[in-house]
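The structure appears below as structure tokens.
The values are calculated or read from the model by the stated rules, or taken from the named source; none is laboratory data. The structure displayed is predicted, hence computed values, not measured ones. Because the Cβ atoms are built from the backbone with ideal geometry, glycine has one as well, and the counts that use them run over all protein chains shown. SASA here: full protein model, heavy atoms, side chains in, ligands and nucleic acids out. Shrake-Rupley method; radii C 1.70, N 1.55, O 1.52, S 1.80 Å.
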Amino acid sequence: MNIAVVGSQWGDEGKGKLIDILSADTDITARYQGGNNAGHTVVVGDEEYVFHLLPSAILHKGKVCVIGNGVVVDPKELIKEIDNLASRGIKVNAARLKISGHAHVVMPYHRILDGLRESKRKNKIGTTGRGIGPCYADKVSRCGIRMIDLVNPRILRSKLEDNLREKNEIFKEVFKNPGFSLENIYKEYFSYGRKLAPYICDTALYLNRMMDRSKSVLFEGAQGTFLDIDFGTYPFVTSSNSIVGGLCTGSGVGPTRIDRVIACVKAYTTRVGEGPFPTEFSSNLKDEIRAKGNEFGSTTGRPRRCGWFDSVLVRYSIIINNVHELAIMKLDVLGDLEKIKICVGYRHKGKVYKDFPMDFDVLDKAQPIYEEMDGWKKDISGVRSYSKLPVNARRYIERLESLLKVGVKYISIGTKRAEIIIR
Ligand code: IMO
Ligand code: MG
């Protein structure tokens, strides 16, 4: 069985924890887009692990992790992650990690440009500053450097020469920045290539061959549907296709090979960075939920914006990803609330929107239409079966199911591995 997990809001839905649980029963876990802008947290016993590039499944002994061609790789950060795991007793070797030679490399000029562009924008995106956008832009402009180039000194040098000739001029003239030395970058990145060479292969061939042998693959989406470059709240999005459609181009696996799509959804809504957010809380509730849910970005540490569950938004995501089942994460965080609201529509200039609007000016100014439910006011982290959940918690879940028109299979009620209800 091949499963895809996608985020259905603005990222940080708890995909890391779900992947950690599901990957125990799958042979291979593959990432297909995004880069180290992602931050996936997994808690095992008293240990917390945060992954940015490595699939969260790397914690399971004997499981294979793949970084697909659609991912953008910052080799320095990847090596750091691998070394960090080694220092905590988890060994990563070429049998357990495969990196696509076609994956594009995040270069130092991408990181710097990311920051410089943001500083010049009037309407800032609030990127993670990891160079993701400029790296994908170079990929599409056909001047990107790929992982396979890092192990070929002649090609690496010639691509770098071409890139720096153009880029150094832009850095100097447009941004008054000194630019980059060819020799320094060449030496540094060639050395990363040597370190990562054992892992580099054709991951599309690898994945398809493994599937031919009935091995199961779990595809780990990063970010979320509303950060998708096509379907998200553009331009406040990331630069890749984070919807399930991105899986095919980002891994070289055909759509008919995917058996199930699971959408990860937070029991409320959060977003980091700028952009519209109709159900955002007023400040006191925001502080309360942020503290209870530890809503701080795992990549940049920025406080996340928090709000009520938006069923209009998530329903759109269910459609775009053709979701089979839902995983509701962080339900425990709502446990202190007297009343809980769900957004079931938007009102703008006298018109009611039940479908997610195309015009983000509407989204920006829309008044959410809420349904209000009673809270359950209980600590539910010890509950392990659905029937033992307080009746109001079940009512909340079942109302979401009927609004979203899809069933909930997993309910997370805490950060620990065991704190999950499987229906
Ligand atoms: P995970 O995988 C939440 C957001 C940034 C910014 C926008 C563009 O942990 O869910 P970028 O650096 O990608 O160019 O920034 O996207 N963003 C995320 N927000 N979770 C993420 O990943 C994110 N990755 C990018 O905050 O608004
Ligand atoms: Mg994150």
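Quick one: Ile82 ticks every box in (1) part of a helix (DSSP H, G or I); (2) at pLDDT 95 or above; (3) within 30 Å of Pro278 (Cα to Cα) bar one, so which box is it?
(3)
Among the numbered conditions (1) crowded, with 23+ Cβ neighbours inside 10 Å; (2) in contact with a strand residue (DSSP E or B) (Cβ under 7 Å, 6 or more places away or on another chain); (3) in contact (Cβ under 8 Å) with a residue 40 or more places away in the chain; (4) not acidic (Asp, Glu), tell me where Leu78 comes up short.
Checking Leu78 against (1) crowded, with 23+ Cβ neighbours inside 10 Å; (2) in contact with a strand residue (DSSP E or B) (Cβ under 7 Å, 6 or more places away or on another chain); (3) in contact (Cβ under 8 Å) with a residue 40 or more places away in the chain; (4) not acidic (Asp, Glu), the one that fails is (2).
Being in contact with a helix residue (DSSP H, G or I) (Cβ under 9 Å, 6 or more places away or on another chain), open to solvent by less than 20 Å² (accessible area, probe 1.4 Å), within 16 Å of ligand 2 (Cβ to nearest atom) and not basic (Lys, Arg): is that true of Ala222 here?
Against the criterion (in contact with a helix residue (DSSP H, G or I) (Cβ under 9 Å, 6 or more places away or on another chain), open to solvent by less than 20 Å² (accessible area, probe 1.4 Å), within 16 Å of ligand 2 (Cβ to nearest atom) and not basic (Lys, Arg)), Ala222 qualifies.
Residue pairs, Cβ under 7 Å, 6 or more apart or interchain, first in region 20-31 and within 12 Å of Val66 (Cβ to Cβ), second of a type in the set (Ser, Thr, Tyr) and open to solvent by 10 Å² or more (accessible area, probe 1.4 Å). List them.
From residues that are within 12 Å of Val66 (Cβ to Cβ), the pairs are Thr26/Ser216; Asp27/Ser216.
Restricting the search to region 254-296, which residues are within 12 Å of ligand 1 (Cβ to nearest atom) and assigned to a loop (DSSP other than H, G, I, E, B)?
Scanning region 254-296 gives Val272, Gly273, Glu274, Gly275, Pro276, Phe277, Glu295.
Would region 356-365 turn up any residue that is within 15 Å of ligand 1 (Cβ to nearest atom) and closer than 18 Å to Cys264 by Cα?
Scanning region 356-365, I find no residue that is within 15 Å of ligand 1 (Cβ to nearest atom) and closer than 18 Å to Cys264 by Cα, so the answer is no.
Quickly run through region 319-347 and pick out the residues that are open to solvent by less than 10 Å² (accessible area, probe 1.4 Å) and either within 13 Å of Ser8 (Cα to Cα) or modelled with pLDDT under 95 (or both).
Asn321, Leu326, Ala327, Ile328, Met329
Taking the condition of being open to solvent by less than 10 Å² (accessible area, probe 1.4 Å) and among the aliphatic types (A, V, I, L, M), how many residues in region 26-52 meet it?
Result for region 26-52: 4.
Ile112 - would you say it is open to solvent by 40 Å² or more (accessible area, probe 1.4 Å), modelled with pLDDT of 95 or more and farther than 25 Å from Ala30 by Cβ?
Here the answer is yes, as Ile112 does meet what is asked.
Filtering region 15-36 down to residues that are assigned to a loop (DSSP other than H, G, I, E, B) and over 16 Å from Ile243 (Cα atoms), which residue is farthest from ligand 2 (Cβ to nearest atom)?
Asp27
I'd like to check something: does region 150-167 contain any residue that is in contact with a Leu (Cβ under 9 Å, 6 or more places away or on another chain) and of a type in the set (Gly, Ala, Ser)?
Looking for residues that are in contact with a Leu (Cβ under 9 Å, 6 or more places away or on another chain) and of a type in the set (Gly, Ala, Ser), one finds none in region 150-167, hence no.
Looking only at region 37-58, count every residue that is assigned to a strand (DSSP E or B), touching a Ser or Thr at 6+ places or on another chain (Cβ under 7 Å) and more than 14 Å from ligand 1 (Cβ to nearest atom) and tell me the total.
Residues that pass the stated criteria total 2.
Confirm whether Asp212 is within 16 Å of ligand 1 (Cβ to nearest atom) and free of Cβ contacts under 8 Å to residues at least 60 places away in the same chain.
no
Among (1) farther than 30 Å from Lys339 by Cβ; (2) in contact with a strand residue (DSSP E or B) (Cβ under 9 Å, 6 or more places away or on another chain); (3) away from ligand 2 (no atom under 16 Å from the Cβ), there is one condition Arg213 misses while meeting the rest; what is its number?
Status for Arg213: all satisfied but (2).
Hey, Ile243 hits all of (1) of a type in the set (A, V, I, L, M, F, W, C); (2) open to solvent by 60 Å² or more (accessible area, probe 1.4 Å); (3) within 15 Å of ligand 1 (Cβ to nearest atom) but one; which does it fall short on?
Ile243 satisfies every listed condition except (2).
Somewhere in region 267-283, is a residue without any contact (Cβ under 8 Å) to a residue 40 or more places away in the chain and either under 23 Å from Glu48 (Cα atoms) or within 15 Å of ligand 2 (Cβ to nearest atom) (or both)?
no
Residue by residue, here is whether (1) in the same structural domain as Ile67 (by TED's automatic domain parsing); (2) open to solvent by 40 Å² or more (accessible area, probe 1.4 Å) holds:
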site	(1), (2)
Cys135	no, no
Lys167	no, no
Asn177	no, no
Glu183	no, yes
Tyr186	no, no
Ser191	no, yes
Arg209	yes, yes
